[in-house]
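These notes are about the structure you will find just below.
The values are calculated or read from the model by the stated rules, or taken from the named source; none is laboratory data. Bear in mind that the values here come from a model prediction, so they are computed numbers and not experimental data. In this analysis, Cβ positions are derived from the backbone assuming ideal geometry, glycine residues included, and neighbour counts consider all displayed protein chains.
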Amino acid sequence: MSDFAQTVKQQADIVKVIGGYIRLRKVGAQNYSGLCPFHKEKSPSFSVHGTRQFYHCFGCGQSGDVFSFVVKIENASFPEAVRIVAQKCGIPLPKREYNSPEEAAEAQMRRKLLDLHEAATAWFEEQLRSPEGALAREYLAGRGVTPEAIKTFRVGYAPDNFNALRERLSSMADADALRASGLFSWKEQDDGSAGRMYDRFRKRVMFPIANESGRVIAFTARALETGDKAGPKYINSPETPLYSKGQVLFNLDKAKGPIRSMEFALLVEGQMDCISVFMRGIQSVIATSGTAFTEQQVALLRRHTTNVVVNFDPDAAGANAAEKSIGLLTEEGFQIKVVTLDGGLDPDRFIRERGVEAYIAAIRGARRQSDYLIERARQQFPGAGADSKIKAMNYLLPHIRRIPEKLERDQFMHDAAQKLGIDSAIMREEFRQASISRKERIEVRSSRLSEVERVFLRALAITDPGFAASRAIAVEALRAQPAWFEHLSTFSAMQALADRQANDPMDAVADPQQRALLAEALLQETEPPSRAYVVETLASLEAQFIEKQLKKIRGEMAEAERQGGFAEALKLAQYRTVLERRLSELKGSGPRGGER
Ligand SMILES: [Zn+2]
């Protein structure tokens, strides 16, 4: 680890950094817990240790320090993670250092693309204010987008011009970066080479799409005119090194704080809906940009809440997207409610026509997902005949199967049977089968560490000078009597800890499995073990060792006597006596108990 990384690690508070990604609750003096972002779970088994500065998941076994967390969650390289953490903690960045030329090139490209997007955003904003932007301003005003909303969401305008943005940005980056940005198009030439670049977005209202930290990484562009010449109503940036459509939730950067404080996320379809709802004070709103949820988006959201209110357009496409999203969210253990607005209105129009109070009332009155789905089933397969009932049931079964919790599945099944008027024993059995065939969530693994291992791992990991004596005894014992320790599953972690130069014990152990075991031991500690407790544990370890030796000696003695090697047998008997005396000494000192 570089000096800079070392400095960042010392200054960063892992609880704050991780708390920026997932909800953490204080569960002990130094211990915080939350839902693991790396595996599916409903009850928290992910722990963060405040003083030790590491995290560990008892469910999936992932553990590490602040950097490894950021590497995993941001899908970043190590140097990027160091930079991200430094930025979060307000530590100024030094000259950049990278592990490989490829890594440096990649990071440089990303930086350039971010700069290009920032410049493009500012330029689009400027164009919206210019005389040429009059029509766009008119359009936005007509849609109820206020000047304040335009400023907050940095809405802009791409003029009707093939070259304006290119000319504006061409001095900022080379052709490779400009082509990679997704801001330009070109036609392939007859010889296969790329033709001259021109502006991709023209005569469109520009909605910037930001990543979770609020940096613009792409755009959604809405045509000002309709008709064949204008092209599709909405176009998005293509996939770029910065942007992947399925991995971004529109407005999450602004909504994540409100989502946590309000303890739910409102999910709408389009950017316009999202902006409109946000500007009227319901700030925990995010949008999927008109598509069904992806797994990555679910993972993004899970870090902030598992309560979602879905408000998609009531048209068929909206209902299908809602249904798909609900399916995925259900599987991931989210609590879901569904809003359907009167009069077939989308959220934006509903608020403009009926006011925000009515909209809030609609959110409050949102139906549980099961009620919504049962209603959908009844609408799609109306009638009281056996045929429609079977169809309705077949529509609901996959939804029921997805629910991770048995109790909820049973409830859903019960409601559905009742509301659909299904009372035949066979149909109930179908539901029952569906509800039991779902695999239960993975169980939290019980501890794999013995008390002896816990005590020595904790003692060897001591950094507090007040407990230096405990550590010294453990280190000395490990060096002098490795045979006492060899059989322990964490022997290699112990050796690494005894030899450690680094201050942070988690840094000393390289092997991921050993690290996970160490994390497990450290997470349960309140205070390092006392000197007396280490001595006592050492005695029991020695006793274990002697008992094993005695067993071995008894076997060897029997063998020696059988072969007539009496001198040998005598020597063994003497050794046995020494060991037995030591053992009774160790046991005679008796358990002290209590003191740790
Ligand atoms: Zn986990």
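Could you check how many residues of the range 448-494 are β-branched (Val, Ile, Thr) and either part of a loop (DSSP other than H, G, I, E, B) or in contact with a His (Cβ under 8 Å, 6 or more places away or on another chain) (or both)?
Number satisfying all stated conditions: 3.
Within the range 44-53, which residues are within 16 Å of the ligand (Cβ to nearest atom) and either among the acidic types (Asp, Glu) or at pLDDT below 90 (or both)?
The answer is PRO44, SER45, HIS49.
Looking at the range 17-39, which of its residues are of a type in the set (D, E, K, R) and exposed (fewer than 15 other Cβ atoms within 10 Å of the Cβ)?
Result: ARG25, LYS26.
Among the listed residues SER130, SER100, identify the single one that is small (Gly, Ala, Ser), more than 16 Å from the ligand (Cβ to nearest atom), at pLDDT below 80 and under 30 Å from SER237 (Cβ atoms).
None of the other options fit; the residue is SER100.
Each row is one residue, and each column tells you yes or no for (1) outside any loop (DSSP other than H, G, I, E, B); (2) within 16 Å of the ligand (Cβ to nearest atom); (3) among the hydroxyl-bearing types (Ser, Thr, Tyr).
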position	(1), (2), (3)
LYS42	no, yes, no
TYR55	yes, yes, yes
GLY61	no, yes, no
ILE73	yes, yes, no
ALA76	no, no, no
GLU80	yes, no, no
ILE84	yes, no, no
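Filter the range 234-250 down to the residues that are in a loop (DSSP other than H, G, I, E, B) and either out of contact with any strand residue (DSSP E or B) (no Cβ under 8 Å at 6 or more places or on another chain) or farther than 18 Å from PHE124 by Cβ (or both) and list them by number.
If the condition is that a residue be in a loop (DSSP other than H, G, I, E, B) and either out of contact with any strand residue (DSSP E or B) (no Cβ under 8 Å at 6 or more places or on another chain) or farther than 18 Å from PHE124 by Cβ (or both), then PRO238, GLU239, PRO241, SER244, VAL248, LEU249 are the ones that fit.
Residue by residue through the range 1-40, note down the ones that are of a type in the set (A, V, I, L, M, F, W, C), under 29 Å from ASN307 (Cα atoms) and away from the ligand (no atom under 15 Å from the Cβ).
ILE14, VAL15, VAL17, VAL27, ALA29, listed by residue number.
What's the number of the condition SER289 fails, among (1) over 19 Å from the mean Cα position of the chain (by Cα); (2) part of a helix (DSSP H, G or I); (3) within 20 Å of PRO258 (Cβ to Cβ)?
Failed condition: (2).
Could you go through the range 412-419 and let me know if any residue there is at pLDDT below 80 and loosely packed, with under 13 Cβ neighbours inside 10 Å.
Within the range 412-419, none of the residues are at pLDDT below 80 and loosely packed, with under 13 Cβ neighbours inside 10 Å.
When you scan the range 99-207 for helices (runs of 4 or more DSSP H) that lie fully inside it, which ones turn up with 1 or more residues that are among the polar types (S, T, N, Q) and surrounded by fewer than 17 Cβ atoms within 10 Å (Cβ to Cβ)?
Filter on the range 99-207 gives 101-129, 147-152.
Is at least one residue of the range 507-521 within 15 Å of VAL455 (Cα to Cα), part of a helix (DSSP H, G or I), of a type outside the set (S, T, N, Q) and free of Cβ contacts under 8 Å to residues at least 40 places away in the same chain?
Within the range 507-521, none of the residues are within 15 Å of VAL455 (Cα to Cα), part of a helix (DSSP H, G or I), of a type outside the set (S, T, N, Q) and free of Cβ contacts under 8 Å to residues at least 40 places away in the same chain.
Within the range 347-393, how many residues are buried (at least 21 other Cβ atoms within 10 Å of the Cβ) and either among the hydroxyl-bearing types (Ser, Thr, Tyr) or assigned to a loop (DSSP other than H, G, I, E, B) (or both)?
Qualifying residue count for the region: 3.
Give the residues of the range 317-334 that are small (Gly, Ala, Ser) and over 19 Å from the mean Cα position of the chain (by Cα), sorted by residue number.
Selection gives ALA317, GLY318, ALA319, ALA321, ALA322, GLY327.
Across the range 504-519, what is the number of residues that are buried (at least 17 other Cβ atoms within 10 Å of the Cβ) and farther than 23 Å from ALA469 by Cα?
4
Can you confirm whether the range 312-319 contains a residue that is in contact with a helix residue (DSSP H, G or I) (Cβ under 7 Å, 6 or more places away or on another chain), modelled with pLDDT of 85 or more and crowded, with 19+ Cβ neighbours inside 10 Å?
Within the range 312-319 (the criterion being in contact with a helix residue (DSSP H, G or I) (Cβ under 7 Å, 6 or more places away or on another chain), modelled with pLDDT of 85 or more and crowded, with 19+ Cβ neighbours inside 10 Å), the answer is no, since none of the residues qualifies.
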